[in-house]
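Notes for the one structure printed next.
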Amino acid sequence: MSVPNDFDVDDKVCVITGGSGVLGSEMARALGENGATVVVLARGEEKLRETGSELAAAGIEHLTVSASVLDRAELEAAAETVIDEYGRIDVLINAAGGNSPDATTGPDTSFFDLPAEGFQQVLNVNFTGTVLASQVFGEYMIEEGSGCILNVSSMNAYTPLTKIPAYSGAKAAVSNFTEWLAVHMAHNYSTDIRVNAIAPGFFLTEQNRYLLID
């Protein structure tokens, strides 16, 4: 199914963290179908290869880069790879995220039993990863004087669901950070550097299948 183009993304270089995931890969495909050059950044090599093959089969100009959003050195190396290949970074989509069973309450696990490590894992991948990627790729936008950062928040940021306190809190942090960064970029650097977020509802993934179906 083709996605209608309400925005001009032709020849834009778009970096997508979590680009091999359910949401990130669909964004990559839609942007590519509408003329963007897509950089898929993710950790899992197998999923990364699969996404790259799908984009290639669709004739989409793309680059796949293995990197963790929690490793600044890997992000910096990824950014340099993109610059070497395409010369600029127009768009950053922070789609890396997810929840963890270790941060989820249930029949056998109360809120008071949740381990701090589970909470930290969810906060890191959703919030800290968004911050680090914005720092690394955002600097190149400052050099260009323009760019777009799109963060992926969640409906949980505004109406927290039961069972997932860490995920809801992390996405609330993403929403707040988005507002802060939008003002920071416009006030200190350029009003042509835009920062926004989307707050989707449910997407069925292997990470949340145990919550929604099993």
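Report whether or not Thr37 is in contact with a helix residue (DSSP H, G or I) (Cβ under 8 Å, 6 or more places away or on another chain), free of Cβ contacts under 8 Å to residues at least 60 places away in the same chain and among the polar types (S, T, N, Q). Walk me through it before giving the result.
Working: in contact with a helix residue (DSSP H, G or I) (Cβ under 8 Å, 6 or more places away or on another chain): yes; free of Cβ contacts under 8 Å to residues at least 60 places away in the same chain: yes; among the polar types (S, T, N, Q): yes.
Judged against the criteria, Thr37 is a match.
Quick grid of which residues meet (1) touching a residue at least 12 places away in the same chain (Cβ under 8 Å); (2) surrounded by 20 or more Cβ atoms within 10 Å (Cβ to Cβ); (3) outside any helix (DSSP H, G or I); (4) touching a Cys at 6+ places or on another chain (Cβ under 8 Å):
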residue: Asn99; (1), (2), (3), (4): yes, yes, yes, no
residue: Phe119; (1), (2), (3), (4): yes, no, no, no
residue: Leu123; (1), (2), (3), (4): yes, no, no, no
residue: Leu132; (1), (2), (3), (4): yes, yes, no, no
residue: Phe137; (1), (2), (3), (4): yes, yes, no, no
inquiry  = Among the residues that make up segment 103-115, is at least one of them within 19 Å of Gly44 (Cβ to Cβ) and touching a Leu at 6+ places or on another chain (Cβ under 8 Å)?
reply    = no
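A quick yes/no check of all residues on (1) out of contact with any strand residue (DSSP E or B) (no Cβ under 7 Å at 6 or more places or on another chain); (2) closer than 25 Å to Gly169 by Cβ; (3) in contact (Cβ under 8 Å) with a residue 60 or more places away in the chain:
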position	(1), (2), (3)
Thr17	no, yes, yes
Glu46	yes, no, no
Arg49	yes, no, no
Val91	no, no, yes
ask   = Within segment 139-172, can you find the residues that are in a strand (DSSP E or B), surrounded by 20 or more Cβ atoms within 10 Å (Cβ to Cβ) and on the phi < 0 side of the Ramachandran plot?
value = Ile149, Asn151, Val152
query = Filtering segment 186-214 down to residues that are at pLDDT below 95 and of a type in the set (S, T, N, Q), which residue is nearest to Glu26 (Cα to Cα)?
reply = Thr205
message = Criterion first (under 24 Å from Val195 (Cα atoms), in a strand (DSSP E or B) and at pLDDT 95 or above) does Leu31 satisfy it?
response = no
request  = Quick one: in segment 138-178, of everything that is charged (D, E, K, R) and closer than 23 Å to Leu75 by Cβ, which residue is nearest to the chain's Cα centre (by Cα)?
outcome  = Lys171
message = Filter segment 75-97 down to the residues that are within 20 Å of Ser146 (Cβ to Cβ) and either in contact with a Pro (Cβ under 7 Å, 6 or more places away or on another chain) or assigned to a loop (DSSP other than H, G, I, E, B) (or both) and list them by number.
response = Gly87, Arg88, Ile89, Asp90
request  = Enumerate the pairs (first residue in segment 171-193 and under 23 Å from Gly98 (Cα atoms) and free of Cβ contacts under 8 Å to residues at least 24 places away in the same chain; second residue anywhere and of a type outside the set (D, E, K, R) and part of a helix (DSSP H, G or I)) with beta-carbon separation below 7 Å, excluding pairs fewer than 6 apart on the same chain, so at least 6 apart or on different chains.
outcome  = Ala172/Ala157
ask   = Any idea which residue in segment 1-22 is nearest to the chain's Cα centre (by Cα), counting only those that are at pLDDT 95 or above and not in a loop (DSSP other than H, G, I, E, B)?
value = Thr17
request  = Look through Leu70, Leu55 and report the one residue that is within 15 Å of Val125 (Cα to Cα) and touching a residue at least 24 places away in the same chain (Cβ under 8 Å).
outcome  = Leu70
remark   = Checked segment 93-115 for anything closer than 23 Å to Ser175 by Cβ and over 19 Å from the mean Cα position of the chain (by Cα); matches are Ala103, Thr104, Thr105, Phe111, Leu114
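The values are calculated or read from the model by the stated rules, or taken from the named source; none is laboratory data. Predicted model, so just to flag it, every value in this text is computed and none were measured. We place every Cβ from the backbone using ideal geometry, glycine too, and count neighbours over all the protein chains shown.
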